[in-house]
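Notes to accompany the following structure.
The values are calculated or read from the model by the stated rules, or taken from the named source; none is laboratory data. Quick caveat, the model's predicted, so the values are computed rather than measured. So basically every Cβ, Gly included, is an ideal-geometry build from the backbone, and we count neighbours across all protein chains shown. The protein model used for the area step is the full one, side chains on, heavy atoms only, and it has no ligands, DNA or RNA in it. Shrake-Rupley method; radii C 1.70, N 1.55, O 1.52, S 1.80 Å.
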Amino acid sequence: MTKTFFAGVVTGLLGGIVGAFLVIHLDRSGATQSAFAATTRSLDVVSAGRIQLTDAAGKVRAELATSGDGGPALFFYDSAGRNRMVLGLYSPAEGEAPSVVLNDAEQHAAGIFRLFGAHDTPVVVLKNKGRDRSVYGLNPTSTDPFLANYTGDGKKSDVFGSY
């Protein structure tokens with residue numbers, strides 16, 4: 001029985017050495033290495049519907065997620081949990097234009113910087129209590145600059161250019 005056991009151990013050891021030699025020296029295509037590299041790279045990917053950054057007290061201070069209309073965004077929250085800034089893309093229906101939105105303490109947009117229109121022209125929108133007050137940018141059809149101001153009751157007055 002001990003001879004049989006010893007013969008099995010030696011045969012297994014030799015088989016392992018021969019197998020390792022064949023894998024290392026006969027696989028000149030690099031398939032083993034590239035398969036290993038692909039496996040290693042896939043471990044670096046984190047996939048989630050939402051990623052949250054919390055402070056020491058456990059409050060969410062930032063979040064990487066999709067907005068209600070499907071655009072990806074990075075949301076920043078103040079210590080009271082209010083959404084104060086968003087860096088993201090608008091929905092596919094709005095051409096997925098990039099934007100930066102600054103929100104006031106009531107979580108209304110107070111300032112928006114985004115690209116707009118067919119030529120992706122930049123536009124800055126200044127708001128008060130959710131209403132446009134001043135819009136400055138490049139006209140999306142002509143790329144000419146414009147400035148439009150709005151009164152408290154929403155009446156528009158063009159300072160220069162057209163929007």
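Would you be able to tell me the number of residues in the stretch 45-84 that are charged (D, E, K, R), farther than 18 Å from Ala110 by Cβ and touching a strand residue (DSSP E or B) at 6+ places or on another chain (Cβ under 7 Å)?
Of the residues in the stretch 45-84, 4 are charged (D, E, K, R), farther than 18 Å from Ala110 by Cβ and touching a strand residue (DSSP E or B) at 6+ places or on another chain (Cβ under 7 Å).
Any residue in the stretch 115-129 that is under 21 Å from Gly152 (Cα atoms) and at pLDDT below 95 sitting within a Cβ distance under 8 Å of a residue that is open to solvent by 80 Å² or more (accessible area, probe 1.4 Å) and not hydroxyl-bearing (Ser, Thr, Tyr)? List the pairs, counting only those 6 or more apart or interchain.
Lys129/Glu106; Lys129/His108
From the set of residues in the stretch 117-163 that are of a type in the set (Val, Ile, Thr) and outside any loop (DSSP other than H, G, I, E, B), which is surrounded by the fewest Cβ atoms within 10 Å (Cβ to Cβ)?
Here the residue is Val159.
Residue by residue through the stretch 99-112, note down the ones that are under 18 Å from the mean Cα position of the chain (by Cα), open to solvent by less than 80 Å² (accessible area, probe 1.4 Å) and not polar (S, T, N, Q).
Within the stretch 99-112, Val100, Val101 meet the criteria.
All but one of (1) among the acidic types (Asp, Glu); (2) within 16 Å of Lys156 (Cα to Cα); (3) touching a residue at least 24 places away in the same chain (Cβ under 8 Å) hold for Asp132; which doesn't?
Every listed condition holds for Asp132 apart from (3).
Out of the stretch 73-98, which residues are at pLDDT 95 or above, open to solvent by 50 Å² or more (accessible area, probe 1.4 Å) and touching a Leu at 6+ places or on another chain (Cβ under 9 Å)?
Within the stretch 73-98, Leu74, Phe76, Arg84, Met85, Leu87, Pro98 qualify.
Pick from Ser91, Ser47: which is within 29 Å of Ala148 (Cα to Cα) and hydroxyl-bearing (Ser, Thr, Tyr)?
Answer to the selection: Ser91.
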